[in-house]
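Worksheet for the structure shown next.
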Amino acid sequence: MDKSSPNKAGFIAIVGRPNVGKSTLLNKLIGEKLSAVTPKSQTTRHKILGILNGENLQAIFLDTPGLMTKPKDRLDEMMLNSTSETLRDADLILWIVEPYEVEAMPVQLKESNKEAIVIINKIDLVDKLSLLPLIDGYQKTYNLTEIIPISSKKGYGCDILLEDICQKLPEQSFFYEDDIVSIQTERFFVEELIMEKIYFLYRDEVPYSATVQVEEFKERAKGKDYIRAIIYIERDSQKAILIGEDGRGLRRLGEAARKELERTRGRPLYLELYIKTKKNWRKNEGLLREFGY
């Protein structure tokens, strides 16, 4: 867009089933790591706001928790409510699907009555000829003509997607200063990164029962920054798994998180991790709100 063009700005919700690549797409479009990316599903629990600023453009992306059909506990219910609220607030919706078969449209998307672009992600994993009947299937099933094949991991098609987004956003003033990429706090992103490492390093039982809170964050003019974080789990048996034999598991987690934090922040730091048990915290609304859900 040239300098004579009017400013365009708006909120874009990224939705889809768990593990379809929503967080990877957000990070690719923004150009920075804002959201946890792991091979396990349902790792995004919070609505992440990332801001893409360009000349005459401010695209504000909302990454939502994966859409579930049957919530298992109060945490799942609150995550679904968050997604529904995000869709109501959005100017445009990106519905991300996988490149294998026509998926059922989420109820929340149907009820939103908002304009949607179907994003067929992970096209690097399939024969490109198989995409033609899939695109035709979405057009005939839902009467959706905006269908863009991409690979968020490789970056294929992301430039086409951005151009389409730019065309669809309304003409209006920017909502944020043009040098801001997110309104989330740095503590929030530290917590997200530690959770990402937990998903990578431990088996299924532990990550889905864990949450992280940064209790202390000190930036120092001289020496290393200091971060103390608490990992809350639901049962003492999970605490033992996280710690590992002779504390090796917790040391491995701390080292992995520290290295990634130092890489993303560009500063040396000292990371201290503690583990506490909060029984059935995913079912306790008071604890969920205390933990920021």
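The values are calculated or read from the model by the stated rules, or taken from the named source; none is laboratory data. As the structure is a computational prediction, the values presented were derived from the model and not from experiment. Backbone-built Cβ (ideal geometry, glycine too); neighbour counts: all protein chains shown.
One residue stands out among those in segment 263-286 that are over 21 Å from the mean Cα position of the chain (by Cα) and without any contact (Cβ under 8 Å) to a residue 24 or more places away in the chain: the one that is farthest from residue 234 (Cα to Cα), which is 266. Restricting segment 133-160 to residues that are hydrophobic (A, V, I, L, M, F, W, C) and touching a helix residue (DSSP H, G or I) at 6+ places or on another chain (Cβ under 8 Å), the residue that is surrounded by the most Cβ atoms within 10 Å (Cβ to Cβ) is 150.
Looking at 84, 35, just one residue is small (Gly, Ala, Ser), in contact with a helix residue (DSSP H, G or I) (Cβ under 7 Å, 6 or more places away or on another chain) and modelled with pLDDT of 65 or more, and that residue is 84. Among the residues of segment 175-232, the ones that are under 17 Å from residue 254 (Cβ atoms), among the hydroxyl-bearing types (Ser, Thr, Tyr) and out of contact with any strand residue (DSSP E or B) (no Cβ under 9 Å at 6 or more places or on another chain) come to 2 in all.
Scan segment 146-176 for residues that are in contact (Cβ under 8 Å) with a residue 60 or more places away in the chain and in contact with a Pro (Cβ under 7 Å, 6 or more places away or on another chain) and jot them down. Residue satisfying the conditions is 171 alone. Among the residues here, residue 165 qualifies as closer than 30 Å to residue 5 by Cβ, of a type in the set (Val, Ile, Thr), surrounded by 13 or more Cβ atoms within 10 Å (Cβ to Cβ) and at pLDDT below 95. Residue 179 fulfils the conditions (1) within 30 Å of residue 229 (Cβ to Cβ); (2) touching a Phe, Trp or Tyr at 6+ places or on another chain (Cβ under 9 Å) except for a single criterion, (2). All conditions in (1) more than 25 Å from the chain's Cα centre (by Cα); (2) surrounded by 15 or more Cβ atoms within 10 Å (Cβ to Cβ); (3) of a type in the set (Ser, Thr, Tyr) hold for residue 130, with the sole exception of (2). For segment 131-152, how many residues meet the condition of being charged (D, E, K, R) and either out of contact with any Asp or Glu (no Cβ under 8 Å at 6 or more places or on another chain) or modelled with pLDDT under 90 (or both)? Counting residues in segment 131-152 that are charged (D, E, K, R) and either out of contact with any Asp or Glu (no Cβ under 8 Å at 6 or more places or on another chain) or modelled with pLDDT under 90 (or both) gives 2.
Tell me, which residue of segment 46-64 that is crowded, with 23+ Cβ neighbours inside 10 Å and modelled with pLDDT under 75 is farthest from residue 103 (Cα to Cα)? Top of the filtered list is 48. If the condition is being closer than 19 Å to residue 223 by Cβ and in contact with a strand residue (DSSP E or B) (Cβ under 6 Å, 6 or more places away or on another chain), then segment 268-293 contributes 269, 270, 271, 272. Figure legend. Inter-residue proximity from segment 129-145: first residues among the hydrophobic types (A, V, I, L, M, F, W, C) and outside any helix (DSSP H, G or I), second residues at pLDDT 90 or above and surrounded by 10 or more Cβ atoms within 10 Å (Cβ to Cβ), beta-carbon distance below 6 Å, spacing 6+ or different chains. Indicated pairs: 144/118; 144/138.
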